[in-house]
Amino acid sequence: MARCLSLTTVLKSLITLVVLITFMIALIKTRILEPHVPERSLARDPGPPILLATDSYHAKDSRLERNNNGIEGSEFDKNKQDESDDDKIGDVEDNDDDSSNEDISESVGEVVSIKDEIEILGNILTQKLAAVYDVNIEPLKPTCRNKSVLANSCEGSKRCLRTQLPDDPKARVQQLVGPNKLRLSPTQHELLRKMAKKVEGFYDIILLTAASSNHFNESQALLQTVHTNLFPILKNFTLIFYDIGLTSQEKALMMKNCRCQYLHFPFEVFPEFLRELRCYSWKPVMIKSMLQKANIIVWMDASVRFLDQTENIQVVIGNARKRGVQIGGSNVISAFRTFRSMYHFFGDEPCAYFALGMAKATFGIYHNEIFVDRAILAPWAACALTAECMCPPDRFMGTCRQSKDMFKLWREQDGPIMYGLCHLYDQSAISLILHKLYQESFRWVYCNTNYFSRIQRDDLAGYFS
Ligand SMILES: *[C@@H]1O[C@H](CO)[C@@H](O)[C@H](O)[C@H]1NC(C)=O
Ligand SMILES: *[C@@H]1O[C@H](CO)[C@@H](O)[C@H](O)[C@H]1NC(C)=O
Ligand SMILES: *[C@@H]1O[C@H](CO)[C@@H](O)[C@H](O)[C@H]1NC(C)=O
């Protein structure tokens, strides 16, 4: 009897086991047979989860931000470059017909309509805005209704364009992602992909910089601080140096000493006006392209010097992973330092941006996520590749000195406002884009670079020799 019982038990367990195994095989099969979902699928993946600020970055982070208010916006005297190819400006292809559905799917591997793209990016922005915590933020007021702020906004264009930034996150995204002229054409996408292919490997972090001959010495000083203060604390990174006009002797020195991947910027494949280095059009193009090769792009102008305060830069890189962008900021009102023609290119009047502080494109961290790629870097690069937007022929008309004086007069003596006296190219454009998306919360994507770096235009010839 006892034997009989135990036999039954054994049989029962065996049957249970078989059933279990069959079930598991079925389970594995269904998983394997499931269609492969591309990792960065736009249609299914609403982007990386937006982390709320409950982690260890929180305390340091708010400290970094609060001090943002103390930054002076003196960093606007972009260095002089040689005046070449001025007469060739305006040689830009018209991208109005270039945008198509295939275009959108290119980096996603899936066909998604512009409408869907806007829907998805709008939802991501909604999440991003919900994650903003800053008690000092006041909602944006409709500034253009004030005649003194409206100033000369609408003059010079046939009609007044948009005089108010949209509230709805989807509309914010739509205004940047919808218009054909703010979309990169398939050809342009292909050129950027080719640039990215020149980089060996895929990294967590790409440190990115560029220099021409007249910044060669300055660039050495940057690289010294990068080697000394950044290299020892970073993991899984590469340094990329773009040559935008070194002599062959400087090139040889750079390649020998930079501890980097040296690349030549392919001016020959882009419109002629990109050779006008002072327009900085090459910079958004490089950043957008390199985003294909790393989780994080750290852009550094040749004037950046890293301090030995390594913990602080790690905090800011951490913030960039969560927020998408961390860029230097200033209290200068960007509408004073941006040509009206750039606002008009984006369909806006400058008065709508009144009181929003300018970003400093000197230093910026960009996270590889669909929102940053599509809603920030793509329109930035599209603007950069259009002379009318970033490098207008009348860019020598005004000077920033004039604009600075007007600003001072306005602030101290309630003088008249006048827009369009000065233009800061890449910096003007990234400010506009971040303002449109984040509006009164724009400081969320700014960082105080003083905690880990200085801007210094002096040089340090001899680091390489
Ligand atoms: C218009 O804006 C200016 C500049 O900010 C301000 O000084 C002035 O008081 C405003 N006027 C009205 C009527 O709100
Ligand atoms: C470096 O980081 C990239 C991106 O996260 C990853 O794909 C790669 O495997 C990493 N390489 C090493 C050696 O850890
Ligand atoms: C860079 O440094 C070298 C060596 O000191 C010097 O001869 C050269 O004039 C410097 N170049 C610039 C652009 O300052």
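Restricting to segment 349-367, what's the tally of residues that are among the acidic types (Asp, Glu) and surrounded by fewer than 24 Cβ atoms within 10 Å (Cβ to Cβ)?
Count: 0.
With respect to residue 148, determine if the residue is under 24 Å from residue 417 (Cβ atoms) and out of contact with any His (no Cβ under 6 Å at 6 or more places or on another chain).
For residue 148, the condition - under 24 Å from residue 417 (Cβ atoms) and out of contact with any His (no Cβ under 6 Å at 6 or more places or on another chain) - is met.
Could you check segment 273-321 and list, in sequence order, the residues that are out of contact with any His (no Cβ under 8 Å at 6 or more places or on another chain), basic (Lys, Arg) and not in a strand (DSSP E or B)?
Residues satisfying the conditions are 275, 278, 283, 288, 293.
Can you work out which of the residues in segment 409-450 that are touching a residue at least 40 places away in the same chain (Cβ under 8 Å) and over 27 Å from residue 373 (Cα atoms) is surrounded by the most Cβ atoms within 10 Å (Cβ to Cβ)?
My answer is 419.
When residues of segment 224-238 are filtered for being within 16 Å of ligand 3 (Cβ to nearest atom) and within 22 Å of the chain's Cα centre (by Cα), how many remain?
0
State whether the residues of segment 208-229 include one that is acidic (Asp, Glu) and without any contact (Cβ under 8 Å) to a residue 24 or more places away in the chain.
Within segment 208-229, none of the residues are acidic (Asp, Glu) and without any contact (Cβ under 8 Å) to a residue 24 or more places away in the chain.
Of the residues that make up segment 324-337, is at least one among the charged types (D, E, K, R) and either in a strand (DSSP E or B) or surrounded by fewer than 24 Cβ atoms within 10 Å (Cβ to Cβ) (or both)?
Within segment 324-337 (the criterion being among the charged types (D, E, K, R) and either in a strand (DSSP E or B) or surrounded by fewer than 24 Cβ atoms within 10 Å (Cβ to Cβ) (or both)), the answer is no, since none of the residues qualifies.
Where a number appears in this text, it was derived from the coordinates with a stated rule and is not lab data. Bear in mind that the values here come from a model prediction, so they are computed numbers and not experimental data. We place every Cβ from the backbone using ideal geometry, glycine too, and count neighbours over all the protein chains shown.
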